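> This structure is in structure tokens; I'll ask about it shortly.
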Amino acid sequence: MLKYINVKSNNRQEFVDITAELNADISEMGMKDGIVCLFVPHTSAAITINEGADPNVRRDVITTLSRLIPKDAGYHHMEGNSDAHLKSSIIGATLCVPVEEGRLVLGTWQAVYFCEFDGPRHRRVGIKALKA
Amino acid sequence: MLKYINVKSNNRQEFVDITAELNADISEMGMKDGIVCLFVPHTSAAITINEGADPNVRRDVITTLSRLIPKDAGYHHMEGNSDAHLKSSIIGATLCVPVEEGRLVLGTWQAVYFCEFDGPRHRRVGIKALKA
Amino acid sequence: MLKYINVKSNNRQEFVDITAELNADISEMGMKDGIVCLFVPHTSAAITINEGADPNVRRDVITTLSRLIPKDAGYHHMEGNSDAHLKSSIIGATLCVPVEEGRLVLGTWQAVYFCEFDGPRHRRVGIKALKA
């Protein structure tokens, strides 16, 4: 089973909480028990798990990554988004998450984020489900 | 099959080698062939594979990550652990590892580490097994 | 099903595009639908997905990682490759990718790279396939 969800980013860099949508889709796919491989088919975006409660966590992650990897730093790739490609590989384009009782197995404070590094854009996140 | 193991960290930052315990649990779960999705249900910790022989490798990883991402750097999240959230997303909260003949498939020098970035604490690592 | 492919790196740091070889092996393994866990059994190498079109993207990733994590920076591990161990954990030694119709599910611009951080060497990449 493979399904895509649509994600709309509104800024150049933005973490979009997609946990609720993923759980709805996993339920709709009839997936009760197994693992899902979540992936972004984009090279200037990523997917990660982090704190879902305080929006400042996302803000600190974006700000600190940009301090380490500035948008302009004498890159050779001429499309102005080398920083986004770098962040994509550092955070990662795929994520494997267990599913139990039709829901993602996450800790109390965890949420799944689509990470936009070169928006705003219309993006997709893939869900590949493997039943136990 | 989903199982949790307990991990006790003794410092704010510490890499705990959990390879032997994971192999014991995988064996106990009757898992012979497939993959395991290892995950930490925490947002200020992570899980990674790295060299298991020289403890200085772990020390260098922790020291260098902290040079790049200091504990205090004008973060907006006010709990004093923004650096730990950042390191969690950079190293990653989940890890997919193959299993053959009832053991993790790892290279000669590889070990699996639970990465504590905001300890000391009592933590858990989840093992979700999917048989081939 | 577990299979290894051989990768030869020619420089200390180099990203080798292994997408075509992976697809050929997945096809040969008779894998039509499921996920593969790709992994490097080495602690100074990694595996990632990034842009496959412009070689400058790989160059920018390697250069920027080395700016952040220099080869020599007072490390305690005395083998001269602490930077490579660090990059291995930051990029990651394993990668979970969906398979449909006998091929890796990747975006238009995505390629899978073996990431050499301490070459030149003869290396291996493992493919563990799990059918849906």
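> Please sort by residue number the trypsin sites (Lys or Arg not before Pro) in region A:57-119 whose DSSP state is loop and whose Cβ has at most 15 other Cβ atoms within 10 Å.
A:K71
> Still on this structure, I have one more. Given the C-alpha centroids of region C:90-132 and region A:9-45, what is the distance between them in whole angstrom?
Spelled out, the Cα-based centre of one part sits 20 Å from the other.
> Also, I was wondering about something else. Sum -39500 (n - 2.57) across every DSSP H segment of at least 4 residues in chain C, then divide by the residue count to get the 222 nm mean residue ellipticity, nearest 500.
Calculated from helices alone, the mean residue ellipticity at 222 nm is -8000 deg cm²/dmol.
> Follow-up. What do you get for the angle between helix A:82-91 and the principal long axis of chain A? Use alpha-carbon atoms, 0 to 90 degrees, nearest ten.
Value to nearest ten degrees: 30.
> Let me spell out the model: positive unit charges on the Cβ of Lys and Arg, negative unit charges on the Cβ of Asp and Glu, origin at the Cα centre of the protein assembly as shown. What dipole size does that give, in debye rounded to 20?
120 debye
> Of the options C:P120, A:V112, C:L86, report the single residue whose Cα projects farthest towards the positive end of the charge dipole of the protein assembly as shown (beta-carbon charges: Lys, Arg +1; Asp, Glu -1).
Value: A:V112.
> Another one. Counting just the Cα atoms, what span does region B:2-131 cover along each of its three principal axes? Round to the nearest Å and put the largest first.
49, 29, 22
> Rounded to whole angstrom, how close does the nearest chain C beta-carbon get to the axis mapping C onto A, and which residue is it?
C:C96, 3
> May I ask you to report, in nm to one decimal and beginning with the shortest, the distances from A:P70 to the same position in the other copies, taking label points 7 Å along Cα-to-Cβ?
A:P70 label point versus its equivalents elsewhere: 1.8, 1.8 nm.
> Given a 10 angstrom Cα cut-off, can you work out which residue in B:T43, B:T108, B:T94 is the most mobile in a GNM of chain B?
Comparing B:T43, B:T108, B:T94 in the GNM, the peak value goes to B:T108.
> Now a separate question. Which one of C:V99, A:P55, B:L95 has its Cα pushed farthest toward the positive end of the charge dipole of the protein assembly as shown, where Lys and Arg give +1 and Asp and Glu give -1 at the Cβ?
Final value for the positive-end residue is C:V99.
> In region A:49-66, which residues have a backbone nitrogen under 18 Å from the label point lying 7 Å from B:H76's Cα in the Cα-to-Cβ direction?
Residues passing the 18 Å test: A:50-66.
> Picking from A:I26, A:I90, A:I35, which is most flexible by a Gaussian network model of chain A using Cα springs under 10 Å?
A:I90
> Run the simple label-point estimate for A:R67 and C:D54 please: 7 Å along Cα→C-beta, distance reported in nm.
That separation, rounded to one decimal, is 2.8 nm.
> Between copies, how close do the B:N10 label points come, placed 7 Å along Cα→Cβ, listed in nm from shortest?
Nearest first, the other copies' label points are 4.9, 4.9 nm away.
> Still on this model: Which value, in debye to the nearest 20, describes the size of the charge dipole of chain B about its Cα centre when Lys and Arg Cβ atoms bear +1, Asp and Glu Cβ atoms bear -1, and nothing else is charged?
Value, rounded to 20: 260 debye.
> Taking the label point 7 Å from Cα in the Cβ direction, how far apart in nm is B:K131 from each other copy of itself, listed shortest first?
In nanometres, ordered from closest: 1.5, 1.5.
> Starting at 0 and stepping by 10 Å, how many percent of the alpha carbon pairs of the protein assembly as shown end up in each bin?
5, 25, 37, 27, 6, 0
> Give the relative contact order (percent, whole number) for chain B; include only Cα pairs under 8 Å separated by 6+ residues.
54 percent
> Continuing with this model, one more query. Which residue fluctuates most in the GNM of chain B (Cα springs below 10 Å): B:A24, B:A93, B:A84?
The residue with the greatest mean-square fluctuation here is B:A24.
> Chain A: longest stretch without exposed GluC sites (Glu not before Pro) (DSSP loop, at most 15 other Cβ within 10 Å), sites themselves excluded?
A:1-78
Just so you know, all these numbers are worked out from the coordinates, no wet-lab data involved. Please read these numbers as outputs of a predicted model, since none were measured by experiment. Glycine gets a Cβ as well: all are built from the backbone with ideal geometry, and neighbour counts include every protein chain shown.
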